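> Before I ask anything, here is the structure I am working with.
Taken together, the values in this text are just the output of simple stated rules run on the coordinates, not laboratory data. Since the structure is predicted, the reported quantities are computational estimates derived from the model, not experimental observations. As a convention, Cβ positions derive from the backbone with ideal geometry for all residues, glycine included, and neighbour counts pool all protein chains shown.
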Amino acid sequence: MNPVELLRSDLSAAGYTVPALAGLWGPDAAEALHRDQRVPARRALDALRAGRSDLPAVAVLADLFVLGRAVTLPELAVAFPALGVQGAADLGFVSIDGGQARAALDLRPYSFEDTAGAGSWWIASDLGELATGGALPEDHVLGVGGASLTLSGLMFQAPVDSVLDLGTGCGIQALHAARHARRVVATDISERALAIAAMNATLNGFENIEFRLGSLFEPVAGERFDRIVSNPPFVITPRVDGVPSYEYRDGGMVGDALVEAVLTGVAEHLEPGGTAQLLGNWEYHDGDDGLPRVRAWLDSVGLDYWIVEREVLSAALYAETWIRDGGTTPATPDFDRLYAAWLDDFAERGVSGVGFGYVVLRMPRAGASVTLTRTEQQHGPLGDIEPRGVGAHLEAGLAASDWLAGTDDAALSAARLTVAGDVTEERHYWPGDENPTAMVLRQGGGFGRAVTLDTALAALIGACDGELSVGAICAALAQLLEVDETALTADLLPAVRELVRGGILSPSSSSRG
């Protein structure tokens with residue numbers, strides 16, 4: 001067995017898993033760790049150590065890699081019986097000083113669930129700010145964070161032949177993609193990131209991932225893929241001396257030019273019918289909405305697109321967020337210097353804020369034209385997310401948009417629709433009133449959409465059980481409300497289209513043809 005396989009054997013034998021860690025220190029300490037607070041977990045392990053002569057292997061690994069404390073060499077030998085103390089040092093996971101060892105890399109269990117079932121991996125990355133106690137080096141390889149989890153939740157999971165993971169970092173997206181693809185190509189501009197990502201692939205038993213060095217699409221020139229996923233280095237950083245440029249987040253271009261290059265470059269690398277799921281930032285200039293910028297990038301490249309903006313940060317808050325992300329502590333001279341550089345850059349270019357969101361792209365099939373050009377703002381919380389993540393909602397949205405594109409008003413009137421199982425209706429009344437003052441339809445999953453209803457639309461939705469056509473329901477409502485049937489139908493059909501597009505209504509199997 002090679003050293004990485006020995007490491008895998010030791011981690012597996014120790015039971016180094018997410019549930020095992022939670023069992024070591026309990027739910028309150030686990031929640032504190034999510035907030036980057038280690039004291040409760042450290043106290044729990046101290047109590048465990050005080051009550052016995054030796055720590056189990058899983059506790060040694062937790063103390064070393066999760067809590068960032070030194071362990072003795074005999075303890076390290078317990079954690080790595082197959083790899084050995086020197087083997088762990090040779091692989092770069094620990095540094096040895098006298099009779100103690102400290103973590104030189106971060107190594108954590110990671111668990112998830114997708115359409116292929118529950119999964120559990122170990123993910124190596126560079127030590128974070130809490131472990132190093134200072135600003136991060138520019139070649140820092142980030143572990144699994146919020147953006148990583150967001151993108152893995154966006155990823156489509158239907159089986160495909162090929163996937164490109166653009167800017168793989170520690171390799172987490174490539175691993176997710178490899179569960180649903182025959183082969184994966186993972187690229188990065190960082191040699192260190194590729195080395196760690198390749199080690200993670202080996203550590204978790206993946207053999208269908210190829211790692212290539214290079215910037216953006218250069219390593220895959222002339223190639224096309226069924227799916228592209230990317231958490232590109234989209235952070236907007238001043239391009240001036242003295243401001244660190246981190247390989248994992250800064251693309252080296254001015255403003256949001258890197259995001260533009262990635263989104264427009266996708267068209268040359270997708271197979272017909274292929275899709276891309278990406279994250280990105282876009283600038284708001286002098287108060288103008290940022291989404292028209294994204295539309296302008298994409299309208300000329302011949303792709304279907306669906307852009308969902310999840311939040312907008314002011315220029316000041318954006319600067320604070322990413323300076324702090326780099327490990328620079330607030331209220332220090334370095335923080336203030338970097339803050340001024342960020343605000344100077346934004347002021348010079350007229351940037352008032354920065355949007356963040358999801359991007360879904362699709363190459364139309366041969367002979368087909370672009371049918372989906374959708375942008376929307378969904379700044380509120382997501383709905384309850386099933387194991388497939390919000391990606392399942394986006395996939396369903398693409399299918400709904402395809403159906404609507406081929407369905408004129410006459411066909412929509414003839415369609416039989418049903419209400420999604422996660423949809424509820426709220427009615428609000430003034431005390432003593434017989435009729436509601438407000439009616440709201442709420443989506444439990446997806447983007448948790450809320451739709452304000454009038455009497456006619458509420459009644460139409462209530463009658464959508466797959467038995468009656470939309471036209472038949474409109475006819476009955478017109479008679480009941482004593483209004484013109486043609487006018488009522490014309491008024492309701494656009495709302496019905498939006499409800500289908502949003503996943504609240506869906507055509508029955510007979511209506512899909």
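> After finding the eigenvalues of the alpha carbon gyration tensor for the stretch 1-157, what semi-axes result from the square roots of 5 times each, listed largest first in whole Å? Write out the running numbers ahead of the final one.
On the way: eigenvalues 115, 71, 63 Å².
Semi-axes (√(5λ), whole Å): 24, 19, 18.
> Please compute the Kirkwood hydrodynamic radius of the chain from all pairs of different C-alpha atoms, in Å with one decimal.
25.6
> How large is the charge dipole for the chain, taken about the Cα centre, if only the Cβ atoms of Lys, Arg (+1) and Asp, Glu (-1) carry charge, to the nearest 20 debye? If you can, show how the numbers build up before the last one.
Working: 36 positive and 69 negative charges, 273 e Å.
Dipole size: approximately 1300 debye.
> Could you give log10 I(q)/I(0) at q = 0.23, 0.25, 0.28 Å⁻¹ for the stretch 1-65, computed by the Debye formula over C-alpha point scatterers of equal weight, without solvent?
Rounded to two decimals, the profile gives -0.96, -1.07, -1.22.
> While we're looking at this one, here's another question. Let me know the Rg and Dmax you get for the stretch 175-255 when you use only its Cα atoms, in Å.
Computed over the Cα atoms of the stretch 175-255, radius of gyration and Dmax are 14.4, 44 Å.
> Toward the positive end of the charge dipole of the chain, about the Cα centre and with charges on Cβ (Lys, Arg +1; Asp, Glu -1), which of Gln479, Val39, Ala400 goes farthest?
Val39
> Something else: When the dipole is taken about the Cα centre of the stretch 262-301, and only Lys, Arg (+1) and Asp, Glu (-1) are charged at their Cβ, what size is it in debye, to the nearest 20?
Details: 2 positive and 7 negative charges, 22 e Å.
Using Cβ point charges on Lys, Arg, Asp and Glu, the stretch 262-301 gives about 100 debye.
> Tell me which residues come under 5 Å, amide H to amide H, from Val423 once H is placed; ignore anything under 5 positions away on its chain.
Hits under the 5 Å cutoff: Gly444.
> Where does the stretch 416-511 land on Rg(C-alpha)/(2.2 N^0.38 Å)?
1.09
> If you bin every alpha carbon distance in the stretch 222-269 into 5 Å steps from zero, what whole percent lands in each bin?
For the stretch 222-269, the binned pair fractions read 5, 21, 25, 20, 14, 9, 5, 2, 0 percent.
> Let me ask you something else. Restricting to bridges with both residues inside the chain, how much of the DSSP beta-bridge set is antiparallel, in percent to the nearest 5?
Rounded to the nearest five, the antiparallel share is 70 percent.
> Convert each backbone phi in the stretch 328-337 into a coupling constant with the Karplus relation 6.51 cos²θ - 1.76 cosθ + 1.60 (shift: θ = phi - 60°), then list the ³J(HN,Hα) values in order as whole Hz, x for Gly and Pro.
These are the phi-based 3J(HN,Hα) values: 8, 7, x, 6, 10, x, 5, 4, 5, 5 Hz.
> Percent antiparallel among DSSP beta bridges with both residues in the stretch 83-200, to the nearest 5?
For the stretch 83-200, the DSSP antiparallel bridge percentage is about 70.
> Continuing with this model, one more query. Across 10 Å bins from 0, what is the distribution of all Cα-Cα pair distances for the stretch 100-202, in whole percents?
14, 46, 30, 9, 1
> OK, next. Test of understanding: what is the full-extension gain from Glu207 to Ala158, defined as 0.36 nm times their sequence separation minus their Cα-Cα distance?
Details: separation 49, 0.36 × 49 = 17.64 nm, distance 1.97 nm.
15.7 nm is the gain from fully extending Glu207 to Ala158.
> To continue, here is another question. Helix-derived [θ] at 222 nm for the chain: sum -39500 (n - 2.57) over DSSP H runs of at least 4, divide by residue count, nearest 500?
-11500 deg cm²/dmol
> By the scheme Lys and Arg +1, Asp and Glu -1, what is the net charge of all other residues having a beta-carbon under 15 Å from that of Met253? Mind dumping the intermediate values first?
Values: positive: Arg239, Arg249, Arg293, Arg349; negative: Glu218, Glu247, Asp250, Asp256, Glu260, Glu283, Asp345.
Neighbourhood net charge equals -3.
> Suppose R0 equals 25 Å. What FRET efficiency, 1/(1 + (r/R0)^6) with r the Cβ-Cβ distance, do Ala20 and Asp325 give to the nearest 0.05?
With R0 = 25 Å, the Cβ-Cβ based efficiency is 0.30.
> Can you give me the long-range amide H partners of Val141? Hydrogens built in the peptide plane at 1.01 Å from N, cutoff under 5 Å, separation of 5 or more residues or another chain.
Close amide H contacts, sequence-distant or interchain: Asp126.
> Still on this model: Can you list the HN-Hα couplings for the stretch 422-438, worked out from phi with the Karplus curve (6.51, -1.76, 1.60; θ = phi - 60°), rounded to whole Hz and with x for Gly and Pro?
Karplus values, whole Hz, x for Gly and Pro: 9, 9, 10, 10, 10, 10, 10, 10, 6, x, x, 7, 7, 9, x, 8, 8.
> Considering every Cα-Cα pair within the stretch 361-451, what fraction, in whole percent, is farther apart than 16 Å?
Counting every Cα pair in the stretch 361-451, those more than 16 Å apart make up 69 percent.
> Another question, then. Once amide H atoms are placed 1.01 Å from N in the peptide plane, what residues at a sequence separation of 5 or more from Val351, or on another chain, have their amide H within under 5 Å of its amide H?
Asp286
> Calculate one ³J(HN,Hα) per residue across the stretch 298-308 by plugging θ = phi - 60° into the Karplus curve 6.51 cos²θ - 1.76 cosθ + 1.60, and present them in order as whole Hz with x for glycine and proline.
Values, residue by residue: 8, 5, 9, 9, x, 10, 5, 9, 9, 10, 10 Hz.
> Note down the net charge around Phe217, summing +1 for each Lys or Arg and -1 for each Asp or Glu among other residues with Cβ under 10 Å from its Cβ.
-3
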